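The values are calculated or read from the model by the stated rules, or taken from the named source; none is laboratory data. Bear in mind the structure is a predicted one, so any value in this text is a computation, not a measurement. Because the Cβ atoms are built from the backbone with ideal geometry, glycine has one as well, and the counts that use them run over all protein chains shown. To get the accessible areas, we keep the full protein, side chains included, count just its heavy atoms, and leave off ligands, DNA and RNA. Shrake-Rupley method; radii C 1.70, N 1.55, O 1.52, S 1.80 Å.
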Amino acid sequence: MRAVHRTIELAFAALTGFALLSCGGDSTGTGGGVGKVIITPSNDSIVIGTTVTLSAKVVNAQGQVVSGATVFWNTSNANIATVSSNGTVTSVDTGSVQIAASANGVSGIATVTVVPQPVNGVVVTPPNQVIKVGQKFQFQAQPVDANGDPLSGRVVTWSSSDATVASVDNTGLVTGVAVGPATITATSEGKSGSAAVSVGAQTATTITVAPPSVGITVGQTSQLSATVKDASGAVIAGAPVSWSVDNPGVATVSSTGLVTGISAGSATVTATSGAAHTGVPVSVAPIPANAVIVSPGSSTLVPGQQVQLSAIVTDAQGNPLSGRPVTWSSNNDNVATVSTTGNVTAVAPGSATITATSGTAHGTASITVKLVPVATVDVNPGALSLFTGETAQLTVVALDANGDTLNLTGRTITWKSNKNSVAAVNGTGLVTAGAVGAAVITATVDGSPGFASVTVTQVPVGNVIVTPSLDTLQLGQAVQLSAQPVDSAGNPLAGRTVTWNSSDDNIAIVSSTGRVLSEAVGTATITATSEGKVGTATIVVIAVPVASVTVSPPNKTMVVGDTATFTATTKDAQGHVLTGRAIAWSSDNTAVATVDTTGLVTAVAAGSANITATSEGQSGSAQVTVNPVPVGSVIVKPQDTTMTAGDSAQFSAQPLDAKGNPLNGRMVEWSTSNKKTATVSASGMVQALKGGPPIMVIATSEGVDGTTSLTVMPPPPPPPPPPGGSIVTATAVPRPPAPTMKGATLP
C-alpha cells in the first residue's frame with residue numbers, strides 16, 4: 001500500500017505543479033493573496049458511469065473568501081475519473097482518485113471513490129426443471145443491475161431449500177437425491193434469484209447381471225447380482241429384482257440370485273425388474289474327479305516282462321466315481337510301455353512313470369526295469385605295453401551265469417586305474433600312458449570286475465628343437481635358449497635331460513640352463529643334447545652400435561693458418577664409451593676450415609664452419625670460428641722524405657703480420673701530426689702546405705700505426721727579372737686541394 005500511496009503522491013504532485021503553472025500568480029478580490037482552496041465535498045463515492053459536481057471556495061490567509069479567483073481543476077488518474085473545468089467529476093473505472101482545485105498557486109484536494117454498479121437482482125435459468133433421482137442438471141445465474149443489465153465478475157452462492165430432495169454445488173450443478181420438489185437459490189451481494197426443481201422416480205429400463213454366465217458342478221453354488229438402470233443410464237438403487245430358472249432339474253435360483261447345481265446339464269436364470277429383464281446361461285458339470293489311485297504303485301521287471309495296473313477314480317471326499325474314463329501314458333516308452341487298459345511291458349533297463357488320468361485328476365505307478373545280472377567280465381586286451389603319452393582302447397565282454405555273452409546296452413560300465421600317474425583310463429576304456437611303470441586297469445560291469453595290465457616305458461628322443469635357432473646379440477648381451485626334446489613324430493617329450501655346449505666359448509658361452517652370454521664379436525654354434533640327439537642354434541655376436549658421437553672441444557676460435565686437433569668420443573645407448581670405432585670427419589664450409597681424417601682442422605679464411613664427426617650413422621659437431629691474421633706492423637713509404645710547400649706526393653702503407661709477412665686487403669687510415677704543415681688523403685696522397693719543422697705522416701691499420709718523417713721546405717724565392725727591365729709573365733699551375741678523407745684501402 002505504501003508504494004501505491006507514493007505513486008498517488010507523485011501523480012498528485014505532477015498535477016498540482018501543472019495547476020500552479022497554469023494559474024499564474026495574480027488574484028483579484030478582497031483580502032489580497034490566496035490562503036487556501038476548500039473543495040466541497042472533500043470525500044465522495046459515486047457509482048461507475050455517474051457524475052458528481054464539486055465546488056471550490058478560495059479564501060485568503062484570514063479566511064475571507066477571495067471572489068473572482070480563477071480555479072483550475074485536475075485529476076490524479078483520468079483512467080478512474082475525469083474532471084471538467086467547472087468541477088464535474090465523471091467516473092470511468094472503479095478505484096480512488098484525487099481531484100485538485102488550484103488558484104494562484106494554492107491547491108485543494110478532494111478524494112472521489114468510484115464503486116461498481118450494485119447487484120439489484122439475480123436471474124436463474126431455467127426457472128424450473130424436472131429431473132430424475134440420481135440425475136444432474138446445470139443451472140445458470142446472472143447478477144443484474146437496477147436496469148436489468150448483466151453484471152460480470154460477481155460472486156454467486158447456491159443453496160437448496162431441501163438438500164434431501166435435490167442438492168446443489170457451488171457451480172449451480174443440481175443432483176436429484178429423492179422424489180419431491182425443491183427450490184434452488186442463487187445469491188449475489190445480498191440479492192437472490194431462484195428456480196424450481198421437481199425430482200421424479202427412476203424407471204427401470206435395463207438390467208445387467210454379473211457374472212454374465214455361470215459354470216458350476218453338481219452341488220456347487222454361484223451368487224448372481226443385478227444392476228438396474230433407467231433410460232439415462234443412471235443406476236436405480238434398491239430397485240426390486242425377481243429371479244427365475246427355466247430348468248430347475250439342472251439348477252435352482254433363490255430370491256437373492258443364489259444358483260445351485262442340481263445335475264449335469266444347461267439352464268437359463270432370468271432376472272426381472274419392472275419391464276426390464278435379462279437371462280444368464282448356467283452350465284452344470286458332473287462332480288469332478290479329485291484323485292486317481294493306481295495299483296500296484298510300483299513294480300520291478302526285466303526286459304519283456306509285463307504287469308497289469310488298475311485305476312480307481314475318487315471325488316474330493318474320497319468316494320469312488322464310477323464310469324469315469326481313464327487314459328494311460330508312460331513318460332519313457334524306451335523303458336516301459338503301457339496299453340489303453342493299463343497293461344505295462346518292460347522294454348529296456350531304466351525307470352519309467354506310468355500315469356492314469358481322469359479329467360484333471362491323475363495317479364502314477366513307478367516301473368523299474370533291470371538287466372540280467374552279470375557273472376563275469378573279460379577285458380580285451382588283457383595286457384598292454386605303451387610308451388609314455390601313447391593311448392590304447394580297451395573293451396569289455398560281459399557274461400551271465402551260463403557263460404552267455406550279454407548285450408552291454410543299458411549296462412553300467414566303470415573304468416579305473418590303480419596308478420593314474422602311470423596309466424589313466426577314461427569312461428570309455430581309453431588308456432593314456434603317463435609315467436614309466438606298471439598299472440592295472442579295472443572294468444566293472446553292473447558290479448562285476450575285469451582286469452588288464454599296462455606297462456609304460458619312456459618314448460625315446462627323436463630330435464631336439466632349440467629355440468630360437470638363430471639370434472643376433474650385441475656384445476655383452478645374453479639370450480635364453482630353450483630346448484624341446486621330441487619323439488620321432490615331433491611330439492614334445494617332457495622331463496628329459498638336456499646338456500648345453502658352445503662351439504667357441506671365446507665368442508659365446510652357454511650355461512647349463514641354456515642361457516647364452518656374448519663374449520666377443522663373431523659366430524658360435526650352441527648345441528643342446530638329450531639322449532644322444534642333438535639340436536643347434538647359431539649365435540651371431542656383433543659390436544654394440546654407436547648411439548652418440550661427441551666432438552671435443554665443442555667450439556674453438558682460430559686465426560687463418562692455425563691448426564687444431566679435434567677428438568670424437570663414441571658412446572652406446574647407455575652412455576658407455578665405445579673404442580676402436582671408425583670416425584669420418586667433415587667440414588660444412590671448407591672455404592673457412594678444412595679437416596683431415598684424423599680430426600686435424602686447418603683455418604683457411606675468416607668465417608664459421610661446423611666440423612662433424614660421424615660413426616655408424618651417428619654424428620656430433622663442433623663449431624669453429626676463424627678470424628683474420630692480426631696486423632703486427634705497418635710500413636710507410638717513402639721514409640724520412642722532404643717536400644716543398646705546394647708540392648704533393650703519393651705515400652704507400654703495407655700492413656704486415658707478426659712475422660713480417662704482408663697482409664693484403666686490410667683497411668688503412670691516413671693522418672698527419674700537423675695538418676697546417678701537410679695533409680694526407682684517404683688514399684695516401686700527401687699535400688705539403690707550408691714549411692716548418694719535421695712532422696709525421698701516419699698510416700693506421702687495425703689499431704697498429706706506421707709512420708714516416710716529412711719535412712716541408714718553404715718555396716724557393718722568385719727568379720730575378722730579366723735584363724732591360726722587361727717583365728716576364730709566368731702562368732700559375734693550380735694545386736689540388738688538400739684531401740681530408742681517411743680509410744683508403746691499399747692494394
Open item on the list: For a quick check: with amide H placed at 1.01 Å from N, whose amide H comes under 5 Å from GLN117's, ignoring anything fewer than 5 positions away on the same chain?
Closed with: ILE48
- [ ] Could you work out how far apart the two model spin labels at GLN458 and THR472 are, taking each label as a point 7 Å from the Cα in the direction of the beta carbon, and quote it in nm?
- [x] 3.9 nm
TODO: Would you mind computing, in nm to one decimal, how far apart the modelled labels at VAL540 and LEU258 are, each placed 7 Å from Cα along Cα→Cβ?
DONE: 11.0 nm
Open item on the list: From the convex hull of the Cα coordinates of the stretch 345-455, what is the mean projected area in square nanometres?
Closed with: 9.3 nm²
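Roughly speaking, to the nearest percent, how much of the chain's 1.4 Å accessible area is carbon and sulfur?
Numbers: 21350 of 39100 Å².
Exposed carbon and sulfur together represent 55 percent of the surface.
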Task: Inter-label distance for SER503 and THR376, nm, one decimal - labels placed 7 Å from Cα along Cα-to-Cβ - done: 6.6 nm
Open item on the list: Taking the Cα of ALA520, stepping 7 Å toward and past its beta carbon, and measuring to each backbone N in the stretch 488-502: which are under 17 Å?
Closed with: 502
Open item on the list: Need the full-extension length gain, ASN418 to ILE216, defined as separation in residues times 0.36 nm minus the C-alpha distance. One decimal, nm.
Closed with: 65.7 nm
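At a Förster distance of 25 Å, what's the computed FRET efficiency of ALA547 paired with THR625, Cβ-Cβ distance as r, to 0.05?
0.30
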Task: Surface/4 estimate of mean projected area, convex hull on alpha-carbon atoms of the stretch 167-308, nm² - done: 17.1 nm²
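In Å, what Kirkwood hydrodynamic radius results for the stretch 311-372 from the alpha-carbon pair distances? Show your work: numbers first, answer last.
Details: mean 1/r = 0.0801 Å⁻¹.
With all distinct Cα pairs of the stretch 311-372 included, I get 12.5 Å.
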Open item on the list: Given a 1.4 angstrom probe, what's the average accessible area per residue across the chain, in square angstrom?
Closed with: 52 Å²
Open item on the list: Counting only helical runs of four or more DSSP H residues, what would the 222 nm mean residue ellipticity of the chain come to if each run contributes -39,500 (n - 2.57) and the total is spread over all its residues?
Closed with: -1000 deg cm²/dmol
Task: q = 0.17, 0.19, 0.26 Å⁻¹: log10 I(q)/I(0) that the Debye formula gives for the stretch 212-266, counting C-alpha atoms only - done: -0.59, -0.69, -1.00
TODO: Determine the principal axes of the Cα atoms in the stretch 459-552, then give the extent along each, sorted from largest to smallest and rounded to whole angstroms.
DONE: 66, 21, 17
- [ ] Could you pull the Rg and Dmax for the stretch 631-677, using just the Cα atoms, both in Å?
- [x] 13.1, 39
Task: At R0 = 51 Å, FRET efficiency that the Cβ-Cβ distance of LYS676 and THR598 yields, to 0.05 - done: 0.25
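Can you classify the stretch 279-393 as rounded, prolate or oblate using the Cα gyration tensor, where a ≥ b ≥ c are the square roots of its eigenvalues, rounded means a/c under 1.5, and otherwise it's prolate if a/b beats b/c and oblate if not? Working shown, then result.
On the way: a/c = 4.90, a/b = 3.01, b/c = 1.63.
Because a/c hits 1.5 or more and a/b exceeds b/c, the stretch 279-393 counts as prolate.
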Open item on the list: I'd like the distance between the alpha-carbon centres of the stretch 491-545 and the stretch 78-129, rounded to an integer number of Å.
Closed with: 122 Å
Open item on the list: For GLN618, project a label point 7 Å along Cα to C-beta. Then give me every residue of the stretch 468-491 with its amide nitrogen under 16 Å of that point.
Closed with: 474-477
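With contacts defined as alpha carbon pairs under 8 Å and 6 or more residues apart, what's the relative contact order of the chain in percent?
On the way: 1948 pairs, mean separation 34.2, N = 747.
So the answer I get is 5 percent.
Does the stretch 125-187 classify as rounded, prolate or oblate by the C-alpha gyration tensor (a ≥ b ≥ c root eigenvalues; a/c under 1.5 gives rounded; else a/b over b/c gives prolate, otherwise oblate)? Walk me through the numbers before you get to the answer.
Details: a/c = 2.58, a/b = 2.31, b/c = 1.12.
Prolate, since a/c reaches 1.5 and a/b exceeds b/c.
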Task: Hull volume in cubic angstrom per residue (convex hull over the Cα atoms of the stretch 424-510) - done: 129 Å³
Open item on the list: Is the C-alpha gyration tensor of the chain telling us rounded, prolate or oblate? Criteria: a/c under 1.5 is rounded; beyond that, a/b larger than b/c is prolate, otherwise oblate.
Closed with: oblate
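Using 0.36 nm per residue, how much length does the chain from GLN305 to VAL123 gain when fully extended, once their Cα-Cα distance is taken away?
On the way: separation 182, 0.36 × 182 = 65.52 nm, distance 10.29 nm.
Computed gain between GLN305 and VAL123 is 55.2 nm.
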Open item on the list: Could you tell me the center-to-center distance, by alpha carbons, between the stretch 428-480 and the stretch 657-673 in angstrom?
Closed with: 99 Å
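Suppose R0 equals 25 Å; then what is the FRET efficiency for GLU531 and ALA489 from their Cβ-Cβ distance, rounded to the nearest 0.05? Can you show the working numbers first?
On the way: r = 16 Å, r/R0 = 0.63.
So the FRET efficiency works out to roughly 0.95.
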